Amino acid sequence: ASIHATLARACLRKYQLRSERKWEIQAAEACHRALELDPHAPEVFVTLGDLHFSTGRFEEATAAFEQAIQLRPEYAEAWLGISRAHLAANRFADAEDASRRAIALRPQDWIGYNRLGIVFFRQGQFARAIEPWRMVTRLAPANYIGHLNLAGAYFHVDRRADALAEYGQALEIQPSADAWAGLGTVLHLQARFAEAADAFEKAVALRPLDARMWGNLANACEHLPGHAAREAEALDRAIALMIERLEINPHSAEDWAWLGGWRAQRGDHPDARVAIEKALSLSPQDTWVMSLAARALNETGDRDRARRWSVEAVRRGLGPESLLRIPEMSWLNEDPEFRKLIEERSTEDVEPAQFTE
C-alpha cells in the first residue's frame, strides 16, 4: 500500500509540474489501489488528501488528512496537508497552526517553514513570509524553491533588486519554468519588455502546458512592436489551457482570476467579468486574487472597481509598486485615495514572523 501511495503522490507531482491530465488519472488509480491494499495506513490517507486537494475537494482533503493524524498523531506530512487544505478554504489561522505543528515535529526540515511562508504570503503578509523562506534557504541552500519563494516575497514588498538576486540564485541552482517566469515578471515591471519576453519564452519551453506561462508571454508581447500575432497566439493558448485546468479543479480562485484577465485582454469582457466574480467569491480575502481582479477589471474599463480592489489589496499588504509599475495601472499614481493609502503604509511597522527553530 505504501508503495502505491508513494507512486500516486509522484504522479500528482508530475501533474503539477507538467499539467498533463494523464498524470492526475494515474495518481487516482494508484491511490485507489493503495486503499484496497490497506485502508488503515496513514500515508495512504495523506495521498488521498493530496488527490482530493488537486481537484479542489478541500473538505474531503481535510477529512483525509485528519484521518491520517488520528492514525499517527506525530505525522508531520499530514499536518502540512491540513495546512494546505485550510488555506485553500481561507481558514488562515488554522492553516498557520497546522504549519507550526509540522515545524515543531520536524524543526530541521525546510518544508514546514516553506508552508508557513506560503500561509503568510496568501494573506498578503509578504513581509512576514520573508523570514520563514530565509529559513528554507538556510536549511536547504541547494534547493531552488526557497530562493524562488523568497524572491516572490521581495518582489511583493517592492525590493526588486533583492528579488532579481534571488531569482538569479534559483536559476543557478535549477533553471525552472517558475524561476524564469518570476524573473520575467520583474523585468516586465521594469519596462524591460524584450528581456521579459525572452525569459517567458524560456518558461514556456520548459512547461508548454502551463496556462500561466503563456499568459505571461502574452503580457510581454503586448508591449513589443511587431509581436501582435505572438501575443494573440499566447493569449488563446493560455485561455484554452486554463479552461481545461478549471474543468479539473473549478475551485481555484487564482486560476479564475487569471482567466478573467486574459479574456479581458482578448476583448471578451462579459466572460471576463464572470471569471473575475467567480475568483472573488471563492477567495474574498486573498490579496493576490484582489490584485489580479483589479488588473482584469481595469482591462474591461471598470476603473472604479479596479480602484476599489487595488486599494483593498494594498491595505492588506500588497506592495503598491506591484500595481503602479504595470503600465495600464499607472493612473493609480494620480488617484488621491490610493496615494493616501501609500503614505499611511509608509509609516506602519511590520511584525516579523515568530517561530522556534
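Computed quantities for the displayed model
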quantity: Only listed residue being within 22 Å of residue 324 (Cβ to Cβ) and of a type outside the set (A, V, I, L, M, F, W, C), chosen from 174, 125, 169; calculated: 125
quantity: Residues of the range 24-53 classified as open to solvent by 60 Å² or more (accessible area, probe 1.4 Å), assigned to a helix (DSSP H, G or I) and farther than 9 Å from residue 5 by Cα, total; calculated: 5
quantity: Residue count for the range 11-21, restricted to those that are touching a helix residue (DSSP H, G or I) at 6+ places or on another chain (Cβ under 8 Å) and either at pLDDT 90 or above or assigned to a helix (DSSP H, G or I) (or both); calculated: 6
quantity: Options 165, 142, 161, 104; residue that is surrounded by fewer than 20 Cβ atoms within 10 Å (Cβ to Cβ) and assigned to a loop (DSSP other than H, G, I, E, B); calculated: 142
quantity: Number of the condition not met by residue 74 [criteria: (1) among the charged types (D, E, K, R); (2) outside any helix (DSSP H, G or I); (3) surrounded by 15 or more Cβ atoms within 10 Å (Cβ to Cβ)]; calculated: (3)
quantity: Lone unmet requirement of (1) within 16 Å of the chain's Cα centre (by Cα); (2) in contact (Cβ under 8 Å) with a residue 40 or more places away in the chain for residue 147; calculated: (2)
quantity: Looking only at the range 58-71, and only at residues there that are open to solvent by 70 Å² or more (accessible area, probe 1.4 Å) and in contact (Cβ under 8 Å) with a residue 24 or more places away in the chain, the one that is nearest to residue 39 (Cα to Cα); calculated: 71
quantity: Residue list for the range 77-89, restricted to those being over 21 Å from residue 110 (Cβ atoms) and either part of a helix (DSSP H, G or I) or touching a strand residue (DSSP E or B) at 6+ places or on another chain (Cβ under 7 Å) (or both); calculated: 88
quantity: Flag for residue 131 being touching a Pro at 6+ places or on another chain (Cβ under 9 Å), open to solvent by 50 Å² or more (accessible area, probe 1.4 Å) and in a helix (DSSP H, G or I); calculated: yes
quantity: Given (1) open to solvent by less than 10 Å² (accessible area, probe 1.4 Å); (2) under 14 Å from the mean Cα position of the chain (by Cα); (3) of a type in the set (S, T, N, Q), index of the condition residue 99 fails; calculated: (2)
quantity: Flag if residue 237 is in contact (Cβ under 8 Å) with a residue 12 or more places away in the chain, assigned to a helix (DSSP H, G or I), closer than 29 Å to residue 53 by Cβ and open to solvent by 70 Å² or more (accessible area, probe 1.4 Å); calculated: yes
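The values are calculated or read from the model by the stated rules, or taken from the named source; none is laboratory data. This is a predicted model, so every value here is computed, not measured. Note that each Cβ is placed from the backbone with ideal geometry, even for glycine, and that neighbours are counted across all protein chains shown. Just so you know, the surface numbers come from the protein's heavy atoms only, side chains and all, with ligands and any DNA or RNA stripped out. Shrake-Rupley method; radii C 1.70, N 1.55, O 1.52, S 1.80 Å.
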